[in-house]
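One structure is given below, encoded as C-alpha cells.
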Amino acid sequence: MSTAITYSRYGGPDVLTLTEVDTPEPGPGQVRIKVRATAVNLIDLKVRSGMMDGVFPVEFPMLPGWDVAGVVDKAGEGATASVGDEVFGAASVGGYSEYALLDQPVAKPEGVSFETAAALVTVGETAYRGLHHLGVAEGDTLLIHGAGGSVGTIAVQLAVSRGITVVGTSGEDDTERVTKLGATAVTYGEGWVERVRAAAPQGVDHVFDAAGAGVLPESTALVGDAARVITIADMSAAQHGVRFTGGDPADRFWQALPQLADLAAVGKLDVPVWRTYPLAEAAQAHADIEARRARGKVVLLP
C-alpha cells in the first residue's frame, strides 16, 4: 500500500483526500516510479469540479494528476527505462501519489530539477502542439492569447527561438514578464484588437489562443482565415470554424518532451514554478489556483 490523493465525488478542493491505495504494478513496457514531483494542471480542477462530466470519463474513487517526475523503482518487461533512472512524463496510473506508472518514460536531464520536469509535461507538449498545428514558420508574426499563462509562456519562448515575431496578450501584471520572454506585450480588454494592430503593423499571420476569453471572432478577422487560428481553451471553437486541440488523447506530441527538456537543461526554456506543496496539501494547491493566486506552475511533492 502507498499514499495518494483521491476523491469520491465532484466538488470543491475539500473533496481531495489523502488516502491509502494499492501500489500499482507495471505491466509490459511500463515503469513504476517513486514520484518526486507532480504538477497540478487546470484540467485537474475542471475534472474534480464536475465541469468535465460526460466529456472526461471518471471512475470514483478518482486519483487525479498526470504530470510526474521521479525515479524508476520497478520496470516491466520491455520497458525503455531501468531501475534507478530519473525520468518524467504523463502517468498512465497515478499522479497525485507516492508511486505512478509511465508508459513512455522520458529521461530527465541532470540539469533539470524534478519540479521543473513535472511542470513541463502538459504545458510544454500543449505549446509545442499548438505551434506545430498552426505551421508557424520563421519570419511569421504570431499572436498568442494568454501569453502570461503556463502554456502561453512556453509557446512564446518556443516561437521566439524559432525566429517568429510574437505579440502576446496578457493581464497588466504579466506584461513585464511577457516582454522579457521576447514578445511584444498587449493588455487584455476593450480595444485589444487595435493595440495588436499597432504592435504588429505588418499584420498577424497566425493566432494561438491559450486563454479562452471569447476572442476567436476578432482573432479570425485579424488573420483573415479561421484555419490560421487554433485554441486550446475555447469550447466554442467549432462555431467559428476554428480548430480546437486537446480533446483527443491521440492528438498529442509526447515525442516533443525530450527536446523540451534539453532546452530547459541548457537554459533556453524557462518553466516558472510558482510554489510547491506537500502532497497532503493538494486541496490548498487547488484552492490557490482557483483563487488565481498562482503566478506559474504549482507542484506537489509526495
Once the piece of chain linking ARG197 and ALA213 is laid out straight, how much longer is it, given 0.36 nm per residue of separation minus the C-alpha distance between them?
3.9 nm
Relative contact order, percent, of the chain when contacts are C-alpha pairs under 8 Å separated by at least 6 residues?
19
Tell me, what is the FRET efficiency for GLU77 and ILE43 to the nearest 0.05, using R0 = 35 angstrom and their Cβ-Cβ distance as r?
0.65
Before anything else, pin down the relative contact order of region 124-244: Cα pairs under 8 Å, at least 6 apart, normalised by residue count, whole percent.
24
What FRET efficiency comes out for the pair GLU20/GLU59, r = Cβ-Cβ distance, R0 = 25 Å, nearest 0.05?
0.90
Given the rule -39500 (n - 2.57) for each run of at least 4 DSSP H residues, summed and divided by the residues of the chain, what is its mean residue ellipticity at 222 nm, to the nearest 500 deg cm²/dmol?
-8000 deg cm²/dmol
Show the residues, 5+ positions off or on another chain, whose built amide H is closer than 5 Å to the amide H of ALA37.
ALA69
Pairs LYS108/LYS297; LYS46/LYS108; LYS46/LYS297: which are spaced more than 20 Å apart, C-alpha to C-alpha?
LYS46/LYS108
Kindly provide the Kirkwood hydrodynamic radius of region 209-302 in Å, to one decimal, from all pairs of distinct alpha carbon atoms.
16.2
Under 5 Å from the placed amide H of ASP209, counting only residues 5+ away or on other chains, we find HIS145, ILE230, THR231, ILE232
Output wanted: per-residue J couplings in Hz (rounded whole) for region 188-200, from phi through Karplus 6.51 cos²θ - 1.76 cosθ + 1.60, θ = phi - 60°, x for Gly and Pro.
5, x, 3, x, 5, 4, 5, 5, 5, 4, 5, 6, 10
Give me the one-decimal nm value for the distance between modelled label points at ARG9 and LYS180, 7 Å along each residue's Cα-to-Cβ direction.
4.5
Compare the peptides 269-282, 242-255, 74-87, 92-105 by average per-residue count of other Cβ atoms within 10 angstrom and give them in order, highest first.
92-105, 269-282, 74-87, 242-255
How many percent of all Cα-Cα pairs in region 124-244 sit more than 21 Å apart?
25
Where in region 131-176 are there GluC sites (Glu not before Pro) that are in a DSSP coil and have at most 15 other Cβ atoms within 10 angstrom of their Cβ?
GLU138
Under a crude label model (7 Å from the Cα following the beta-carbon direction), how far is LYS34 from ALA238 in nanometres?
4.7
Kirkwood Rh (inverse of mean 1/r, distinct Cα pairs), region 1-159, angstrom
16.8
How far is helix 150-161 tilted, in degrees, relative to the longest principal axis of the Cα atoms in the chain, given as a value from 0 to 90 rounded to the nearest 10?
60
Read phi for every residue in region 60-74 and hand back ³J(HN,Hα) as whole Hz from Karplus 6.51 cos²θ - 1.76 cosθ + 1.60, θ = phi - 60°, with x for Gly and Pro.
7, x, 9, 9, x, x, 10, 7, 10, 9, x, 10, 5, 10, 7
What percent of all Cα-Cα pairs in the chain falls into each 10 Å bin, going from 0 up to the bin containing the maximum distance?
6, 28, 34, 23, 9, 1, 0
Can you tell me how much longer the chain between SER92 and GLN255 gets when fully stretched, taken as 0.36 nm per residue apart minus their C-alpha distance, in nm with one decimal?
57.1 nm
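Just so you know, all these numbers are worked out from the coordinates, no wet-lab data involved. On a predicted model such as this, the values are computed, not experimentally measured, just so you know. Note: ideal-geometry Cβ built from the backbone for every residue, glycine included; neighbour counts use all protein chains shown.
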